[in-house]
Each structure stands twice: as structure tokens, then as C-alpha cells.
Amino acid sequence: MNLPDYIEFLRKALNNINEVYYGSQAWINSMLNAHGIGDEDPRREQLIPYLTRHHERVFCYELYHQYRKIMEQNNLTEKVILQAELRKSQVGKEIEQLFSIQSTDAIYYPDFLIHEPGTFDHQDLIIEVKANPKVTREEMQNDLLKIDQFISRYQYQKGIFLSINVNDDKRNRLITNPEFLHFLENQIENKTKILLMFRESAKKSTVSINAAQLCKDSKR
């Protein structure tokens, strides 16, 4: 199976996810209001990150289900599999030398990997997901650094940063931020291999932007 097929499968899987799994800002507000936690309640700011993380996990479970179903429908017989939250941490010096790789800087749990377990021969795709409608530039950068490390050190072919619940205005502010563009240009080695994907809701289309192309366009 070619890498573009896996990316197309991801787009199809996103199209199959219902709105209820997104856990948008409206859903978060409704949950807080239902429990009598109004706008001025100090507990509100403490609970929002928890609810966001909870629904990010719910969304990832559904994405895994839809993604794997599509892979199975395409009769994949390869050893390459879809795996969720697989731990990649420090590897031994002997392994580093044997495979000519470096471990990541710290323990790290990717949201999704498409790879062949137990070998470095078929490392296809790493996917990181953010569900927070108020995702920050710093959060994006942290995930992109991790993706970049996986590509450089574990020889993954492609990385995807997927952000859901972010509207068009928020997305444009994030990707045109001068500090973010400077970060991409100077700290991400594998820009051509990294895709930024945004999906506001189940009713909206997925927006895809190549990191290298984003840097190139910003200089025009």
C-alpha cells in the first residue's frame, strides 16, 4: 500500500465521524452549564482542559475505529498496521548503533502510527491529534517537534498534525503567526514530510497544508 493511500484513508475516516464525537466548544459549554458552572465560576477554567482531553480521547477512539475499518475494507494483507498510543521512548545504545537511529528526547506516546511493529523497514505515518478549539501555537509547535523527531530518528515517511474544532479564523491566525512561521523555518527539519490538517466539525471539509509549502507561501 502506498503512503498517499493511507492519507486518503484518513480523510475518508474523518468524513465518517459524526458531530457528537468532536466535543466542540459548544459541547464543553453545555456540559459546564448543565452542572451549574457559569462563566464567572472559578472552576470553569480548571475543568475546560479536563473536558477537552476527555473528548480528544473519545474522538481518537472513533477515528481509530473508522480508520481501521477502511483499511480492512481495502483488504490489506501487509504486516503494516494502525496502532494507537504506542510508547516510543529511549532505546538502548546497542539498538541505536545497530539501526543507526536516535531515540526521542523523552518518553512520548503518539496518537497514531501506521507501521510494521518490530522493524524500522516500514515506518509509514505518524499522526498527532488536538481537539481543543483554543489550541495554542505552543501546543502545535510541541507536537510538530515530536513528529519531526519521529521522521528523523525512526525513519517515518510522513507526519500529520490534525487539529479539530478550530474555525477558519483561528486556523488562519495560527498558521500566519510570524513566530510560528519562524519556528517552522528554523526548527523543523522535515517540513516537506509534514502535513497540517484542520477540521472544524463533521459538517466542514478537511483543510490540508504542507508545512514546507506554508513556509514558501509566507515569503511571497
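The values are calculated or read from the model by the stated rules, or taken from the named source; none is laboratory data. Since the model is a prediction, treat every value here as computed from it, not as a measurement. Backbone-built Cβ (ideal geometry, glycine too); neighbour counts: all protein chains shown.
Quick notes on this structure:
- Within the stretch 124-141, if we keep just the residues that are out of contact with any Asp or Glu (no Cβ under 7 Å at 6 or more places or on another chain) and in contact (Cβ under 8 Å) with a residue 60 or more places away in the chain, the residue that is farthest from D5 (Cα to Cα) turns out to be K134.
- If you go through the stretch 142-171 and keep only what is more than 26 Å from V80 (Cα to Cα) and either without any contact (Cβ under 8 Å) to a residue 40 or more places away in the chain or surrounded by fewer than 16 Cβ atoms within 10 Å (Cβ to Cβ) (or both), you end up with N142, V166, N167, D168, D169, K170, R171.
- Residues being free of Cβ contacts under 8 Å to residues at least 40 places away in the same chain and touching a Cys at 6+ places or on another chain (Cβ under 9 Å) - total across the stretch 172-220: 3
- Checking every residue in the stretch 178-195 against the condition of being surrounded by 12 or more Cβ atoms within 10 Å (Cβ to Cβ), at pLDDT below 95 and touching a Leu at 6+ places or on another chain (Cβ under 9 Å) gives zero matches.
- A202 meets each of the listed conditions (1) surrounded by fewer than 21 Cβ atoms within 10 Å (Cβ to Cβ); (2) under 14 Å from the mean Cα position of the chain (by Cα); (3) part of a loop (DSSP other than H, G, I, E, B) apart from (2).
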